[in-house]
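Peer 1: I am attaching a structure below and will ask some questions about it afterwards.
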Amino acid sequence: MLTADQLIDTYVADVTRLLPSRQRADVALELRTLLADEIADRPGSALDVLQDFGRPDEVAARYGTPVSVIEPVHTRLFLKFAVVGSLFFLYAGLMRVLSGQSGSGTAIAVFVYLGVLLVIFAIAGWQRRRWPSTAAWQPHPRTERFSRTGRVAAIVAWTAGTVVLFASGRIFPAQVFTFTDDFARLRGPVLLSWILVALGLQVILVMQGGWRPWSRTAELVLNALMCVLFAWVVTRPIFTAGPTDEAMRNAMVLIAAVTIVSVASRVWHRTV
Amino acid sequence: MVSDASDKLEQELRRGVVVLAVLSQLRTLRYGYELRQSLSERGLSIEEGTLYPLLRRLESQGALRSEWQTAQGPPRRYYVLSDDGRRLYDRLATSWQTLTEAMGQLLEGDRNADR
């Protein structure tokens, strides 16, 4: 059982060890006297008085101006980047494992990403405190949310990709683009069906010239479906030739990883 | 939930007046515990874990100056308004008067509307 003096000494030590060294001795001397006065004047145990005084870390923080590594105004954005970015790396890692490659670097990639993100936000917070005027709002033109040109480019790119994937065996005589029987039997047709539906949606979007509530939902669902579909497709070989197969499956891993970031971002904006 | 919110709002309201209340009592030298007692007797209880660090912060900002005294018992740190602190106190007191007058009119208007 500690005496009142011992309790005070312990409490003061817990507070002052969190203070800058130049402040410690002075604050300790003052705090010890003040706590002794409080305990002498109040009924009840010394422990009650000290617990009412507050947690040592909170009391220590009140002695100075606490500095946030991440500014409160940036916290939501930081969480968003942290969650979405981590999902990207975890999904890419999962896809690599599913396609028979090593996923051992995934955890390191996530921690490095979070570390870099923390440093970036810490610098942004410091800049905001050091030069507050840089954070002032500036008028700017609203960004265009729907680009018809961009959508047409996407249709062209996806059509070209589909042709390369499904017709290259006929275009190029070499055996490097020959599908495995397993892919041609089930995964290929399912993948082609998804691509055709997705292309159809893009064509409708271009014709309508903008988003509708249903088309936003449809694209979100199709993209989420794509992540699942690609994860399934890359689990087994697509082409009989090893290098072609590896290149294609790596490309699909990358596309799916980027898409899952987009899906997570849109879900976040819908729910937050 | 509503109770939690109202507690926080009341805390914020009180936090706004703590600095002015402390400055008002430090035209003469006082040490922390004595100051807390003085404020409490006048109806403004401030938690000790809030008041004592606040005195230090006000001193580091130049609003207070302090000195150690050992004449009456253990060494105690006494605080008093500095010249800057006196000017700060006058400014805050004027703001407070303006604010209370405006709030008085607002609340009075609200009471009249209820009748």
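Peer 1: Taking the Cβ of B:Leu29 as the centre, find all other residues whose Cβ is under 11 Å away and add up their charges (Lys, Arg: +1; Asp, Glu: -1).
Peer 2: +3
Peer 1: A further question follows. Please list, in order along the range A:57-62, the HN-Hα scalar couplings obtained from phi with the Karplus expression 6.51 cos²θ - 1.76 cosθ + 1.60 (θ = phi - 60°), rounded to whole Hz, x for Gly and Pro.
Peer 2: Coupling constants for the range A:57-62: 5, 6, 5, 4, 5, 6 Hz.
Peer 1: When averaged across all projection directions, what area in nm² does the alpha-carbon convex hull of chain B cover?
Peer 2: The number I arrive at for chain B is 9.5 nm².
Peer 1: Okay, moving on. Helix A:72-98 versus the longest principal axis of chain A: what is the Cα-based angle in degrees, 0 to 90, to the nearest 10?
Peer 2: Here the helix axis deviates by roughly 40 degrees.
Peer 1: Counting only other residues whose beta carbon sits under 15 Å from that of A:Val234, what net charge do I get with K and R as +1, D and E as -1?
Peer 2: My count for the surroundings of A:Val234 gives +1.
Peer 1: Ok, one more. Taking amide hydrogens as modeled 1.01 Å from N in the peptide plane, which residues meet the under 5 Å criterion relative to B:Tyr31, leaving out close sequence neighbours?
Peer 2: Sorted by chain and number, the residues that satisfy this are B:Tyr79.
Peer 1: In the neighborhood of B:Lys8, defined by Cβ-to-Cβ distances under 14 Å, what is the net charge if each Lys or Arg adds +1 and each Asp or Glu adds -1?
Peer 2: Counting the neighbours of B:Lys8, the net charge comes to -2.
Peer 1: Give me, ordered by chain and number, the residues 5 or more places off A:Gly54 or on other chains with an amide H under 5 Å from its own placed amide H.
Peer 2: Residues meeting the criterion, in which the H sits 1.01 Å from N, do not exist here.
Peer 1: Can you list residues from other chains, or at least 5 along the same chain, whose modelled amide H is less than 5 Å from the amide H of A:Thr180?
Peer 2: Residues meeting the criterion, in which the H sits 1.01 Å from N, are A:Phe239, A:Thr240.
Peer 1: Still on this model: Show me, for the range A:20-25, the HN-Hα J-couplings you get by feeding each phi into the Karplus relation (A = 6.51, B = -1.76, C = 1.60, θ = phi - 60°), rounded to Hz, glycine and proline as x.
Peer 2: Rounded to whole hertz, the list is x, 4, 5, 8, 4, 4.
Peer 1: Let me ask another. Testing the spin-label approximation: label points 7 Å from Cα along Cα→Cβ at A:Ser265 and B:Glu34. State their distance in nm.
Peer 2: 6.3 nm
Peer 1: Let me ask another. Based on the Cβ-Cβ distance from A:Ala135 to B:Ala93, what FRET efficiency comes out when R0 is 56 Å, to the nearest 0.05?
Peer 2: Step by step, r from the Cβ atoms, then E = 0.95.
Peer 1: Right, next: According to a simple spin-label model (label point 7 Å from Cα along Cα-to-Cβ), what is the distance in nm between A:Ala241 and A:Arg128?
Peer 2: 5.2 nm
Peer 1: Under the √(5λ) rule applied to the eigenvalues of the Cα gyration tensor, what semi-axes describe the equivalent ellipsoid of the range A:4-93? Give them in Å, descending.
Peer 2: That gives 41, 15, 11 Å for the three semi-axes.
Peer 1: Would you kindly derive the ³J(HN,Hα) couplings of the range A:34-43 from the backbone phi angles with the Karplus curve 6.51 cos²θ - 1.76 cosθ + 1.60 (θ = phi - 60°), listing them in order in whole Hz, with x for Gly and Pro?
Peer 2: Here the 3J(HN,Hα) series is 5, 5, 4, 4, 4, 5, 5, 8, 10, x Hz.
Peer 1: OK, next. In a GNM of chain A with a 10 Å cut-off on Cα contacts, which of A:Trp158, A:Trp194, A:Trp137 has the highest mean-square fluctuation?
Peer 2: The residue with the greatest mean-square fluctuation here is A:Trp137.
Peer 1: Where the centre of each part is set by its Cα atoms, how far does the range A:191-213 sit from the range A:76-98, in angstrom?
Peer 2: Using only Cα atoms to place each centre, the spacing works out to 27 Å.
Peer 1: Tell me, what is the FRET efficiency for A:Leu117 and A:Leu201 to the nearest 0.05, using R0 = 30 angstrom and their Cβ-Cβ distance as r?
Peer 2: Once rounded, the FRET efficiency stands at 0.35.
Peer 1: Let me ask something additional. What average number of partner chain Cβ atoms lie no more than 10 Å from the Cβ of the residues making up A:44-57?
Peer 2: 1
Peer 1: Next question, about the same structure. Over what distance in Å are the Cα centres of the range B:1-74 and the range A:49-66 separated?
Peer 2: 14 Å
Peer 1: Just to confirm the number: angle between the C-alpha axis of helix A:106-130 and the first principal axis of chain A, 0 to 90 degrees, nearest 10?
Peer 2: Roughly 60 degrees between the two axes.
Peer 1: Next question, about the same structure. When averaged across all projection directions, what area in nm² does the alpha-carbon convex hull of the range A:55-112 cover?
Peer 2: The directionally averaged projection comes out at 5.8 nm².
Peer 1: Which value in deg cm²/dmol, rounded to the nearest 500, describes the helix-derived mean residue ellipticity at 222 nm for chain B, given -39,500 (n - 2.57) per DSSP H run of n ≥ 4 and division by the residue count?
Peer 2: Using -39500 (n - 2.57) per qualifying helix, the result is -23500 deg cm²/dmol.
Peer 1: How would you rank A:Ile204, A:Ile260, going from fewest to most other Cβ atoms within 10 Å of each one's own Cβ?
Peer 2: A:Ile204, A:Ile260
Peer 1: Label-point separation (nm) for A:Thr10 and A:Val83, each offset 7 Å from Cα along Cα-to-Cβ?
Peer 2: That separation, rounded to one decimal, is 4.0 nm.
Peer 1: Treating each Cα of the protein assembly as shown as an identical point scatterer and ignoring solvent, apply the Debye formula and state log10 I(q)/I(0) at q = 0.12, 0.13, 0.14 Å⁻¹.
Peer 2: -1.03, -1.14, -1.27
Peer 1: Taking +1 at the Cβ of each Lys and Arg and -1 at the Cβ of each Asp and Glu, which of A:Ala167, B:Trp68, B:Gln25 sits farthest along the dipole of the protein assembly as shown towards its positive end, judged by Cα position relative to the Cα centre?
Peer 2: The residue sitting most towards the positive pole is A:Ala167.
Quick note: the coordinates plus some simple rules give every number you see, no bench work behind them. All values derive from a computational prediction rather than experimental measurement. Reconstructed Cβ throughout: ideal geometry from the backbone, glycine too, with neighbour counts over all protein chains shown.
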